[in-house]
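The values are calculated or read from the model by the stated rules, or taken from the named source; none is laboratory data. Note that the structure is a prediction, hence the values are computed from the model and not measured. Here Cβ is always computed from backbone atoms with ideal geometry, including for glycine, and neighbour counts include all displayed protein chains.
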Amino acid sequence: MTAPESYRSAAPTTLDVSSLFGLSGKVAVVTGGSRGIGYMIAAGLVANGVRVYITARKAEACDAAAAELSAHGECISIPADLSTPDGLTTFVGALTERESQVDILVNNAGAAWGAPLGEFPDSGFDKVMNINVKAPFMLTQALLPQLRAGATADDPARVIMIGSIDGIRVPIGDNYSYSASKAGIHMLARHMAAHLVADHVLINSIAPGPFPSKMMAYMLEDDDNREMVLASNPRKRVGTPEDIAGAVIFLASRAGAYTTGTVIPVDGGISTL
């Protein structure tokens, strides 16, 4: 039996890698782009022809990261503390002076805090929730005009929230505000996705497992702890730049244009245990 024409409408030329995953000429913002997963994501986007704006609270580190990445493409540093109203206003103002359209927003900047039950401070809870949940919401809201500006049915704008597997499973540690914030950002992305899909703005979350980062340094730089991390991962390794950049490129490209409101674990299989 021959398949109906409607099932055979895609021309082979639209299914090659460059058509499915090409991002050249896009404009992206990556928060927390000066180090760790944010740097890996920014590097992956820059390498694929995206003009990338990175932001971080420490200006010197942000500028240095942008200078490194600029050796491979376009990367611009706009340092700011997005967890404060002034920092958010400053960043959005500086960005919109340069760009009237943003195609990809990666809300990656995050913070963690650990303390035993009975000793967990208000300040630790508030800091983590403000940086990990409130700031991504407020930045996405502030950039909606730029996200909508170039978004079409065929080529939607993309917002990618970087959550965590600690927002899916119960962590073994005492990072209570962190796990709550990451579960919160996953749900926030789903909620916003439902309201913005009609505007051709797609919102998804990635839930990374262990990756080399300052947040994971206390585990990965100690030999015993590192062995424990590797042993508990079905893939028996930590994540690499290719792993996280590949997931972002999928969601940001034509290949991900039918995906919204979802959470994608990039964790070596930990969330399946």
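Going by the structure shown, is SER164 modelled with pLDDT of 95 or more, of a type in the set (Ser, Thr, Tyr) and in contact with a Phe, Trp or Tyr (Cβ under 9 Å, 6 or more places away or on another chain)?
yes
Which condition number does PHE125 fail, the rest of (1) surrounded by 14 or more Cβ atoms within 10 Å (Cβ to Cβ); (2) under 20 Å from the mean Cα position of the chain (by Cα); (3) over 18 Å from VAL52 (Cα atoms) being met?
Of (1) surrounded by 14 or more Cβ atoms within 10 Å (Cβ to Cβ); (2) under 20 Å from the mean Cα position of the chain (by Cα); (3) over 18 Å from VAL52 (Cα atoms), only one is false for PHE125: (2).
Checking the structure you have, find out if any residue of the stretch 102-125 is assigned to a loop (DSSP other than H, G, I, E, B) and among the hydroxyl-bearing types (Ser, Thr, Tyr).
no
Return the total of residues in the stretch 236-273 being in a helix (DSSP H, G or I) and either more than 29 Å from THR13 (Cα to Cα) or touching a helix residue (DSSP H, G or I) at 6+ places or on another chain (Cβ under 7 Å) (or both).
Filtering the stretch 236-273 down to residues in a helix (DSSP H, G or I) leaves 241-252, 254-256, 270-272.
Now narrow it down to the ones that are either more than 29 Å from THR13 (Cα to Cα) or touching a helix residue (DSSP H, G or I) at 6+ places or on another chain (Cβ under 7 Å) (or both): 241, 244-245, 248-250, 254-256, 270-272.
Final tally of qualifying residues: 12.
Any idea which of ILE270, ILE264 is of a type in the set (A, V, I, L, M, F, W, C), at pLDDT 90 or above and farther than 30 Å from ASP16 by Cα?
The unique qualifying residue is ILE270.
One residue is enough: does the stretch 143-150 have a residue meeting the conditions assigned to a loop (DSSP other than H, G, I, E, B) and in contact with a His (Cβ under 7 Å, 6 or more places away or on another chain)?
No, that holds for no residue.
If you check every pair at least six apart or on different chains, which have Cβ atoms under 9 Å apart with a residue in the stretch 21-46 that is more than 13 Å from ILE104 (Cβ to Cβ) and touching a residue at least 24 places away in the same chain (Cβ under 8 Å) first and a residue that is of a type in the set (Gly, Ala, Ser) and assigned to a strand (DSSP E or B) second?
Within 9 Å, the pairs are SER34/SER77.
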